[in-house]
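The values are calculated or read from the model by the stated rules, or taken from the named source; none is laboratory data. None of these values were measured; they are calculated from a predicted model. Ideal geometry is used to build each Cβ from the backbone, glycine not excepted, and the neighbour counts take in all protein chains shown. Heavy atoms of the whole protein, side chains included, go into the accessibility calculation; ligands, DNA and RNA do not. Shrake-Rupley method; radii C 1.70, N 1.55, O 1.52, S 1.80 Å.
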Amino acid sequence: MTPAVCLQNVHKVYNNSAVVDDLSLSIEPGEIFGLLGPNGAGKSTTIRMLTTLTQPTQGDIVVAGYDVVRQPIGVKRAIGVVLQQTSVDIDLTVWENMEFHGRMHHIPNPRRQQEISRWLDYVELVDRREDLVKTLSGGMKRRLQIARALLHQPEILFLDEPTVGLDPQTRRRMWEIIKGLNKQGMTLLITTHYMEEVEYLCDRIGIMDGGKLIEIGTLEELRDRHGRGLVMKQMDDRWDYTFFPTLEEAETHMLKQPDHTGLMVRPSNLEDIFVELTGRSLD
Ligand code: ADP
């Protein structure tokens with residue numbers, strides 16, 4: 001199967017420094033792929049290259065079968081993009097934002113109006129269609145951005161921190177929207193800081209640090225590789241973590257210790273692995 005997204009030995013250099021450093025990665029059609037990494041890891045730069053907003057300094061990137069440097073129009077037709085900063089026009093109405101995007105993509109009427117209604121309905125904004133965007137809540141603006149990104153029926157959707165700043169209920173609703181799109185066959189690449197978001201949504205996870213991909217796999221593969229059991233030991237004001245292949249081995253290790261004070265055993269999770277790999281927490 002042709003990958004939906006394929007990066008081969010990709011570099012991006014700013015001011016003589018590689019902010020993306022020899023990145024190779026492929027995402028299969030129908031996958032939800034989560035890109036994780038501390039601030040400055042190179043996630044946004046990677047998304048910007050995948051979505052043709054900036055060119056790689058070196059290496060090959062193919063998205064939906066199109067080369068991002070040689071066939072950017074093909075890429076743009078095949079993808080939807082929701083970036084972190086609000087990119088909808090707050091001085092236009094909900095419908096005007098959708099209409100403008102539909103015209104930019106040359107979607108003819110009556111299909112344009114059908115698609116506008118369909119996606120506004122999907123993100124539950126139909127009853128706000130005549131309202132100015134500046135009167136919408138943060139969650140509604142994010143939903144409008146998603147509806148707009150879907151208007152031209154992209155195969156791949158890029159979501160940069162889709163739920164940052166949203167309340168837990170709105171975040172859950174957003175997760176259902178994302179899952180629903182994936183069930184309809186869409187490939188999604190998501191960057192996020194939220195571990196539970198990755199655990200709930202993503203089929204596979206890539207962890208970036210310092211411009212490099214330092215880990216990739218399903219959550220279960222990552223737990224197998226780093227250890228499923230964890231012994232936590234309280235050291236003054238911090239915790240010391242030791243991974244064990246299984247929870248049972250972690251328990252056996254703890255029971256062997258003469259003094260159990262300040263010791264705790266539990267299954268490992270993505271955040272533990274992230275901290276172990278990057279030395280930083282997700283938030
Ligand atoms: P992340 O999204 O993982 O936080 P970014 O891709 O935004 O990381 O940034 C990676 C590094 O690249 C950072 O050190 C950032 O300062 C640098 N960087 C990003 N864009 C530019 C640019 N246009 N010019 C110079 N440096 C940049």
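General remarks:
- Cα principal axis extents for region 228-267, largest first, Å: 27, 19, 10
- The packing ranking, built from the mean of other Cβ atoms within 10 Å per residue, places the peptides 36-46, 68-78 in the order 36-46, 68-78, highest first.
- Rolling a 1.4 Å probe over the protein heavy atoms gives the chain an accessible area of 49 Å² per residue.
- Reachable lysines from residue 256, criterion Cα separation under 16 angstrom, eight or more residues apart if same chain: 233
- Contact order relative to length of region 228-267, as percent, for alpha carbon pairs under 8 angstrom and 6 or more apart: 50
- For region 5-217, the relative contact order is 31 percent, taking Cα pairs closer than 8 Å that sit 6 or more residues apart in sequence and dividing their mean separation by the residue count.
- The three principal axes of the C-alpha atoms in the chain carry coordinate ranges of 76, 43, 37 Å, sorted with the longest axis first.
- Distance violations [Cα-Cα > 29 Å] among 12/134; 76/141; 134/212; 183/212: 12/134; 134/212; 183/212
- When the solvent-accessible area of the chain is split by element, carbon and sulfur atoms take up 49 percent of it, the probe being 1.4 Å.
- Value of relative contact order over region 110-152, rounded to a whole percent, pairs C-alpha under 8 Å and six or more apart: 51
- Basic side chains Lys and Arg get +1 at the Cβ, acidic Asp and Glu get -1 at the Cβ, and with that the dipole of region 228-267 about its Cα centre reaches some 100 debye.
- Counting only aspartates and glutamates at least 8 places from residue 43 when in the same chain, those with an alpha carbon closer than 16 Å to its own are 21, 22, 160, 161, 209, 215, 283.
- Around the Cα centre of the chain, unit charges on the Cβ atoms of Lys, Arg, Asp and Glu (plus for the first two, minus for the last two) sum to a dipole of about 1040 debye.
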